[in-house]
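The values are calculated or read from the model by the stated rules, or taken from the named source; none is laboratory data. As the structure is a prediction and not an experimental result, all values here were calculated from the model. Neighbour counts run over all protein chains shown; Cβ positions are idealised from the backbone, glycine included.
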Amino acid sequence: MTHNDGAARFSYCNPCDCAEVAGIRDPQITRVGGRYFLTGSCPAPLGEAIEGVKLWSSPDLKGWQPEGWLLRRDAIALDAWYRDRFWAPEIHHAEGAFYLTFNCHNEATRFPHSIGIARAQNIAGPYEVVTREAPLVECANDGHLFTDDDGHHYLAYDAGSGNQLILREIELPSCRLVGPPWSVAVRTLRGGDWDGAGVEGSCLLKRGGRYYFWYSSWTHGYEAGVLTATDIRGPWTRSPRNPLLRPRNGFLEVGHNSVFSGPDGRDWLVYHAIGADRVPRLAMDPLWFDADGEIYTDAPTSGAQHIEIKEKQP
């Protein structure tokens, strides 16, 4: 949309009303070539299996069209460790390839929920599962890849059913874990703390020499907060303003966010939001940083939002 003064404006409204992605949880958006690509935990009827990992794309973050299945349950061997659930998949571009992390188990063989990784030359696939024989990390969830300024790559995840958040260096393109893991945060177990019951949904970014580690908790429903550090190995400090993403504006639960490059060139959050109808829906809002490196967002917003775009974005 362009106005009389020549300034462009991007308008949106939470939650996204596109029926194609209704029910999605744990969303992640990747911007490639001026188009947005979305994946996340696919909806499934109660008691039925999630069919796999699906990809959608959009030119404007509003209407989403299916791009197909990146992993499909009915094409996976019955005894493969990665056959059930397909929670919180994410796509990360590095070293000239696209890496898909996914989180699965096998109910028939009782293989525990673990993290796998697949690789492709195109964001829409086809993807080759690198971890066919054994998972990248066993007994873990919500794998998230991050590439630092120096080219080193890291895998973030939650271990022990939400007991703690972990980081570990990973070599790409071999997908080989390097060195020992280290802890970013441990659930407090204090009843009054917003993250006391458990921690999950890792999302790591670096801006202005500071690391920001987003994570979610279900202690008071569902909310998300941030840890910060000046060294990726810590120490990590919980923001005193946590949770930064909390239920309001008609939403009962909000969380498991990721960060992507938005239409105005800023960092944006994408997350799932649950209202009175209890259906998870796609939602997104910009975030920003002040002069001291503090991170802010108005999320979750509801109603019409208008964002000025001062110059053409890539």
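Some notes on this structure:
- Residue in region 233-245 that is more than 30 Å from GLU95 (Cα to Cα), crowded, with 21+ Cβ neighbours inside 10 Å and hydrophobic (A, V, I, L, M, F, W, C) present: yes
- Condition broken by GLY143, with the remaining ones in (1) without any contact (Cβ under 8 Å) to a residue 40 or more places away in the chain; (2) surrounded by 14 or more Cβ atoms within 10 Å (Cβ to Cβ); (3) closer than 22 Å to VAL226 by Cβ satisfied: (1)
- Whichever residue in region 129-167 is outside any loop (DSSP other than H, G, I, E, B) and over 16 Å from TRP214 (Cα atoms) and, among such residues, is farthest from the chain's Cα centre (by Cα): VAL129
- Selection from region 64-87 of residues that are assigned to a loop (DSSP other than H, G, I, E, B) and surrounded by fewer than 14 Cβ atoms within 10 Å (Cβ to Cβ): ALA77, LEU78, ASP79
- Extreme residue, modelled with the lowest pLDDT, among residues of region 184-195 that are farther than 25 Å from LEU287 by Cα and touching a strand residue (DSSP E or B) at 6+ places or on another chain (Cβ under 8 Å): ARG187
- Of all residues in region 199-217, those being touching a strand residue (DSSP E or B) at 6+ places or on another chain (Cβ under 6 Å) and part of a loop (DSSP other than H, G, I, E, B) number 1.
- Some residue of region 102-113 being in a strand (DSSP E or B), of a type in the set (D, E, K, R) and in contact with a strand residue (DSSP E or B) (Cβ under 6 Å, 6 or more places away or on another chain): no
- Some residue of region 170-191 being surrounded by 14 or more Cβ atoms within 10 Å (Cβ to Cβ) and acidic (Asp, Glu): no
- Residue check for LEU282: closer than 21 Å to THR147 by Cα, touching a residue at least 24 places away in the same chain (Cβ under 8 Å), aliphatic (A, V, I, L, M) and in a strand (DSSP E or B): no
- Residues in region 24-78 that are touching a Cys at 6+ places or on another chain (Cβ under 6 Å) and without any contact (Cβ under 8 Å) to a residue 24 or more places away in the chain: LYS54 alone.
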